[in-house]
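Scroll down for the structure; my scribbles are underneath it.
The values are calculated or read from the model by the stated rules, or taken from the named source; none is laboratory data. Because the structure is a prediction, the values reported are computed rather than measured. Every residue, glycine among them, receives a Cβ derived from its backbone with ideal geometry; neighbour counts consider all protein chains shown. SASA here: full protein model, heavy atoms, side chains in, ligands and nucleic acids out. Shrake-Rupley method; radii C 1.70, N 1.55, O 1.52, S 1.80 Å.
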Amino acid sequence: MKLMSFRDTLSAAALAGAMVVTATALAAPAVPSVTLPQRISAAELKRMLLDQPGMFEIVDVRPPATYADFSLPGSVNATIAAVIANPAYLKGVVPLIIVDRDGSLAMAVGGILSQKTQRSIRVLYGGLEAYWSDSAPLLPPVAPAPAAASVQPVKPGASVSANAKPAAPASAPAGSAAPAKKSAGC
């Protein structure tokens, strides 16, 4: 009978432990994946409002009094509890965009809804604070109208002489001059 040395005993124990760890890791159930809502920027939401109206649904989870002060066009105000409990928000073909003041509550609500549905859930990154402070204009810029030339209309039947001089442009009224600067009173 052969006696095992201390080193052999440790090697055998380590091997047995490795086999147990490997077997446990292989037998462990798979961890379910966590689906999170997509974040969209204020500029992207502005483009969507202009280019794709009606192709998404916007839910504002701010208090009703704040919502009444200002809101996004086409948005619906709902409480957080109503959004989570109402199955109508889980069903839908178009993406659901959730907005709030700073994006934190909207992300929490979006995370809960994302676990319950396959519907595309999006959250405004930075909330409405980011939307209103974003420097990008809501509408494309409009080119200014060209200045009208100072041409006097001709009455029908009136003759125009070849030597006629154009009328001088009207001068600005005296009351529209720049006001004198006033001191701040300090």
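Take the Cα of THR117, step 7 Å toward its Cβ, do the same at LEU36, and the gap between the two points is 2.1 nm. For ILE97, the residues whose modelled amide H falls within less than 5 Å of its own, excluding neighbours fewer than 5 places apart on the same chain, are GLU57, ILE58, VAL59, ARG122. Of the solvent-accessible surface of segment 61-119, computed with a 1.4 Å probe and all protein chains present, 65% belongs to carbon and sulfur. The largest accessible area among TYR131, TYR89, TYR67, TYR125 belongs to the first residue in TYR125, TYR67, TYR89, TYR131, and the rest follow in falling order (1.4 Å probe, all chains). A cut-off of 5 Å between modelled amide H atoms, ignoring neighbours fewer than 5 places along the same chain, links ASN77 with ASP60. Dividing the alpha-carbon radius of gyration of segment 28-92 by the rule-of-thumb value 2.2 N^0.38 Å gives 1.42.
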